Structure formats: C-alpha cells, structure tokens
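A short worksheet on the structure shown next.
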Amino acid sequence: MALAPYATTGQRIWHYGFRVLCGLIFFFLIAPILVIIPLSFNAQDFFTFTPKMLALDPEGYSLKHYEDFFTSNDWQQAMWNSLKIAPAATLISVSLGTLAAIGLSQSHVPFRGTIMAILISPMIVPLIISATGMYFFYSNPYIPVPFLGRVELPFTLTGTYTGVVLAHAALGIPFVIITVTATLIGFDRSLTRAAANLGAGPVRTFFKVQMPLILPGVVSGGLFAFITSFDEVVVVLFVGSASQTTLPWQMFTGLREQISPTILAVATLLVIISILLLTMLEVLRRRSERLRGLSPS
C-alpha cells in the first residue's frame, strides 16, 4: 500500500519501519535456503564455501553432485519411490478431503466443530506422535469387530507401499479440508438448488456445477498434500521399510551415515519444485478470487 502524501512524520516512520522489519524477517527465513543453492555447485566434497568459490573462480564450481544424484542407484530409487507414493497419497487425500469438506459445509450436520477438529488433528498433533500411533495401528494384525471380538488380519501394513501411502494420505487430508472449506465459504448454494430443480441428480450437480467453482481450492489442497507427502520423513521411518526409501529418508540417511554433499543438490532441486508449486498455488488463489468476485479480473 502506497504512503499517502499527507501522512504525518510518525506514520512515515511506521510505514518504512514496518517494511524494514518485514524485510529482515523475510531474510531470516530465506537465508538458510539461499546458502544451500551455491553450495550444491561446490567442486569439492565439502559443506562449506571454498576459497575458489569465494573468489568466484570457475574451477571452484561443478555439477558433479547433480551428476551423482542422477547416476546413483540409491538416489534414483528414492526419487522413484517418492514419485510413486506422493501422487497416490495426494489422490486419496483430495478425494476424501473434498467429500469431507462438502459434508461439513452443510448446516444440518451435527457436531461439525468436533468432527472438523478430529479430521484436522494430524496437522496439529506432533508428527512423532502420529507416526508412533500409525506404526502400532498398522503393525497390529488384530482389529476389533462388533459381535466377533478380535479378528486376525492375514497381513499388516507396515513395510508396504500401501501403508506408507495411507499414512501420507492421513497427513494430507487436513490441508485439503481447510482449503476446500475456505473455497466453499463464498459458494452460492442457490446454484445447486437450481440444478436440482432442472432435473440434475446429486452426482451430475457436483461435477457440472459445484466442482468447477471449487476446483481452485481442491487443486490447492492437492498441492499442499503432495508437498506434505513428498517432504515427509518421520512417518515413513516408522511405517516404511528399506524398499520404500523416499528422497527425504535418503537425505536423512546421508546426513547420519556418510555426509554426502549430494544432499545439497537434492535440496536445491526440492526448493525449485516447491517454488514452482507455490507459484501454482498463487495463480489458483487469484483465479478463485476472480471466480468468487473478490478481486477484479
């Protein structure tokens, strides 16, 4: 917001001081990430800037860490595991989260606040607690069934792709619920009633009327769920096994065991992916505001 020409001295001091404060906070948050990017081009196997790098000598920079990432079997396997697990978890999160948000948006649903609190609890409860609970739940081969007591399952979900996908989906559902619920606040429900009066069934009304208008919120929630699954490491350490090693798990292992500088190259690639996804989120947010009439086109 531009400063008014008739602003007082105190208002000018507050205006520029607030901007400086915001700039310092932004620098404090972004500086650790910016340091990683040039270090990923280090020609040496160090986590620090070498004299040649500080002197901007071309010999101090190299792409060998990126080459190691794209040629290492361990890193490539971890990448493909992440690319298999994250989309599947995102699909489940979007499907269940969107349905839950639409259901909770109805005024006649009892205990909406309590149900909402339970559904978004995975993003509030410390992750280590959720991971521990998922481990004991997935590793228990017995489930209670009414009138039958404890029934033994022929399998467990620990150490399987299915278990990791379901665990990541549980972590992503709250983000979908929150974004879709925010989109539904400005939704005109007279449109669905008009569609019903014209003979459209609930399913056709959802896909033809409601879904196009809430699509930005659904996609935004899906992107948040994807980022959550792609960057998650604690739950997969508890629920997964060596065959489900993801990129964050491989990075954690590299820091703990061999201190591989390839981690810096992977971190830079993840930062670039996150920036692209956040850019998509901003575009979708502006599109959603235009559809809801909150901002000019």
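If you go through the range 36-65 and keep only what is in contact with a Phe, Trp or Tyr (Cβ under 9 Å, 6 or more places away or on another chain) and under 14 Å from Val271 (Cα atoms), you end up with Pro38, Leu39, Ser40. Listed by position, the helices (runs of 4 or more DSSP H) inside the range 44-104 whose residues that are among the aromatic types (Phe, Trp, Tyr) number at least 2 are 64-71, 73-104.
Only one of the listed residues (Arg290, Arg204, Arg193) is part of a helix (DSSP H, G or I), in contact with a Ser or Thr (Cβ under 8 Å, 6 or more places away or on another chain) and farther than 30 Å from Thr156 by Cβ. That residue is Arg290.
Using the structure shown, decide if Pro212 is assigned to a helix (DSSP H, G or I) and more than 14 Å from the chain's Cα centre (by Cα). Spelling it out, Pro212 is indeed assigned to a helix (DSSP H, G or I) and more than 14 Å from the chain's Cα centre (by Cα).
Here's the yes/no breakdown for (1) among the aliphatic types (A, V, I, L, M); (2) loosely packed, with under 14 Cβ neighbours inside 10 Å; (3) over 22 Å from Met211 (Cα atoms); (4) touching an Asp or Glu at 6+ places or on another chain (Cβ under 9 Å):
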site	(1), (2), (3), (4)
Ile92	yes, no, no, no
Gly97	no, no, no, no
Gly103	no, yes, no, no
Gln106	no, yes, no, no
Phe111	no, yes, yes, no
Thr114	no, yes, yes, no
Ile118	yes, yes, yes, no
Val125	yes, yes, yes, no
Ile129	yes, yes, yes, no
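Only one of Ser82, Ser72 is in contact (Cβ under 8 Å) with a residue 40 or more places away in the chain, more than 30 Å from Phe187 (Cβ to Cβ), out of contact with any Phe, Trp or Tyr (no Cβ under 7 Å at 6 or more places or on another chain) and small (Gly, Ala, Ser); which? Don't jump to the end; show me each part of the working.
Values: Ser82 fails: out of contact with any Phe, Trp or Tyr (no Cβ under 7 Å at 6 or more places or on another chain).
On inspection, the qualifying residue turns out to be Ser72.
Looking across the range 31-63, the residues that are more than 23 Å from Ile275 (Cβ to Cβ) and either touching a Cys at 6+ places or on another chain (Cβ under 6 Å) or surrounded by 16 or more Cβ atoms within 10 Å (Cβ to Cβ) (or both) come down to Ala43, Thr50, Met53, Gly60.
Laboratory data are not the source of any read-out in this text; all were calculated from the coordinates shown. Because the structure is a prediction, the values reported are computed rather than measured. Every residue, glycine as well, gets a Cβ built from its backbone with ideal geometry; the counts of neighbours run over all protein chains shown.
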